[in-house]
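Take a look at the structure below.
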Amino acid sequence: MARLTTLSNLALAAGLMLLAQTASAQGGQPLVREVFTCVDAQGRTLTADRPIAACSDREQRVLSPGGTVIRVLGPTLTAREQAEQEERERLAMQEAQRALEERRRARALLVRYPTPAAHDRERTEALAQIDVVIQAARNRVEELAQERTKVDQELEFYGRDLSRAPDSLRRQAEGIEQSTKVQLRFIADQNEEKRRVSARFDEERAQLMRLWPPSVLKGATTPASVSPASPSTRR
């Protein structure tokens, strides 16, 4: 084994010397700037002034003319290996971008909500705005109910049978019924929006609890989610 190593080193030295001797120079500067060397499948030490095709499946060292290792080239990849490597690099880049975006969002959250009180205040305001819209829709439902009461009173004359009532009265009753359905759907949609807003604030709060420093968290509490079925959203 020691003899083989010695022979290999001698072969490498001979190769470097041969390249140095055969390279022409201009102005005292050698043309050979780096030397590629490897041990091929037959155990031979090969040297060249460019990547060695016989060692494309194995590691090649790149040496300076003085014999110092500049860099190491890995084996040439097959098409499948190249595709797999590119996929790994793509996934790694995606993960790095995702992590960067998370850090940006975290910084933006801290700027927007420097304290738990600031976050609580915006949650309260956001939910209150939805409550105002819901209450307006409920008021409209009550107005429609009163209008329907008046229609029903007129229908008494026709035995509460719409088919016997005038067209204008039937259209009025149908319009009230349709408008009531629209308002009720709108209220249901707003209650769902309230759930989404509350869930968003809950998610932000959980993240902020990990970002706020202990000095800010001192004495802070985690507010409970507001349910659309709570007294604040049901009459």
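Within this structure, Ala137 fails the test of being in contact with a helix residue (DSSP H, G or I) (Cβ under 8 Å, 6 or more places away or on another chain), free of Cβ contacts under 8 Å to residues at least 40 places away in the same chain and farther than 30 Å from Pro214 by Cβ.
Is it the case that region 148-156 has a residue that's within 52 Å of the chain's Cα centre (by Cα) and either modelled with pLDDT of 95 or more or assigned to a helix (DSSP H, G or I) (or both)? Within region 148-156, one or more residues are within 52 Å of the chain's Cα centre (by Cα) and either modelled with pLDDT of 95 or more or assigned to a helix (DSSP H, G or I) (or both).
The values are calculated or read from the model by the stated rules, or taken from the named source; none is laboratory data. This structure is a prediction, so every number in the text was calculated from the model and none was measured. Note: ideal-geometry Cβ built from the backbone for every residue, glycine included; neighbour counts use all protein chains shown.
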